[in-house]
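Inspection log for the structure reproduced underneath, given as structure tokens.
What follows draws every value from the coordinates through simple rules; no lab data is involved. Note that this is a predicted model, so its numbers are computed, not measured. Methodologically, a virtual Cβ is constructed for each residue, glycine included, from the backbone with ideal geometry; neighbour enumeration extends over all protein chains shown.
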Amino acid sequence: MEKIQTKIETGDCLEILNHYPDNYFDLIITSPPYADSRAKTYGGVKPEKYVEWFLQRSKEFLRVLKPSGTFILNIKEKVDEGERHTYVIELIMEMRKQGWRWTEEFIWHKKNCHPGKWPNRFRDAWERCLQFNKSKNFNMYQDNVMVPMGDWAKTRLKTLGKNDIVRFNSKVGSGFGKNISNWVGRTMAYPSNVLHLATETSNKSHSATFPRMLPEWFIRLFTKEGDIVLDPFLGSGTTCEVAKELKRSSVGIEILPEYVKIAKESVKEDQFVLFEKRGKYERKIKKGHNKIRRTASRRVSSKTA
Ligand SMILES: C[S@@+](CC[C@H](N)C(=O)[O-])C[C@H]1O[C@@H](n2cnc3c(N)ncnc32)[C@H](O)[C@@H]1O
């Protein structure tokens with residue numbers, strides 16, 4: 001297996017990704033700045049401009065993701081004038097036009113969300129984790145996220161009816177069937193698409209950190225050791241930190257230097273020149289090197305003259 005590499009870049013992901021080759025990353029997982037909601041801390045994009053702003057970047061994500069890769073987008077629409085804004089729904093529709101497949105929607109249930117009272121709604125205890133793919137056939141390592149069967153299995157599987165033993169095709173003709181007897185004697189089962197995770201309490205001076213378990217679950221599900229993960233809106237560095245612990249290489253991009261500093265303190269970057277860049281970038285580096293060489297040789301020749 002190749003050496004695990006971690007790289008944290010400073011800047012707008014739109015520009016930084018321009019230096020990366022096509023079909024490069026195995027997983028992109030991110031939580032972008034939400035429309036306007038955190039204007040005080042890291043600038044917001046107006047809800048009515050959000051789709052346009054995001055699409056420019058998702059075009060780059062589409063280019064750098066491998067055909068076998070997955071993009072997980074953690075997002076939730078804000079409430080505007082008493083109703084939910086529709087930009088996430090519009091974004092899904094536009095991303096499909098851009099070439100993405102909207103494969104699945106996972107729900108992150110925030111087990112410890114803030115208590116509160118509003119006249120027209122209850123407290124918001126969940127966020128979307130939208131799954132997009134480039135193709136129908138993507139890598140998914142389902143066994144990596146199996147969960148203990150739990151107590152329901154003990155009672156449910158003790159007394160199996162005849163419909164549980166033969167594959168029972170749904171009476172409504174949906175074509176879906178089940179054979180529950182397959183699960184007798186098993187201790188582990190596949191999870192559902194609802195993740196019950198507490199929000200992070202030690203937030204490393206960043207106002208919107210992921211709980212570590214969130215990137216961890218998706219990294220386990222969609223990558224194997226040695227694969228490369230991208231978080232284009234890195235914040236405090238959670239994705240790169242977790243990726244490194246799971247022996248995956250990663251690139252994180254963050255626009256604000258103060259968050260880059262926090263990220264670099266949480267995850268040690270490798271000291272080698274990492275990740276091959278695209279031709280344009282290489283040319284830029286070469287040009288830079290040549291300039292340094294030219295200046296150095298001028299200095300040498302003026303000394304020797
Ligand atoms: C919701 S936070 C991500 C938090 C992160 N998941 C964590 O665990 O810390 C979004 C981050 O995206 C950064 N950001 C905003 N616009 C960006 C851009 N164009 N390119 C890169 N980063 C950007 C913000 O500064 C912010 O830190």
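Some observations on this one:
- Protection proxy ranking, peptides 45-51, 128-134, 190-196, average beta carbon neighbours within 10 Å, highest first: 128-134, 45-51, 190-196
- Filter on 76/261; 66/110; 59/264; 76/111; 46/136; 134/244 - keep pairs with C-alpha separation over 23 Å: 76/261; 66/110; 59/264; 46/136; 134/244
- Inter-label distance, nm, simple model (7 Å from Cα along the C-beta direction), residue 103/residue 137: 1.3 nm
- Highest-first packing order for the peptide set 100-113, 226-239, 13-26, 59-72 is 226-239, 59-72, 13-26, 100-113, based on the mean count of other beta carbon atoms within 10 Å.
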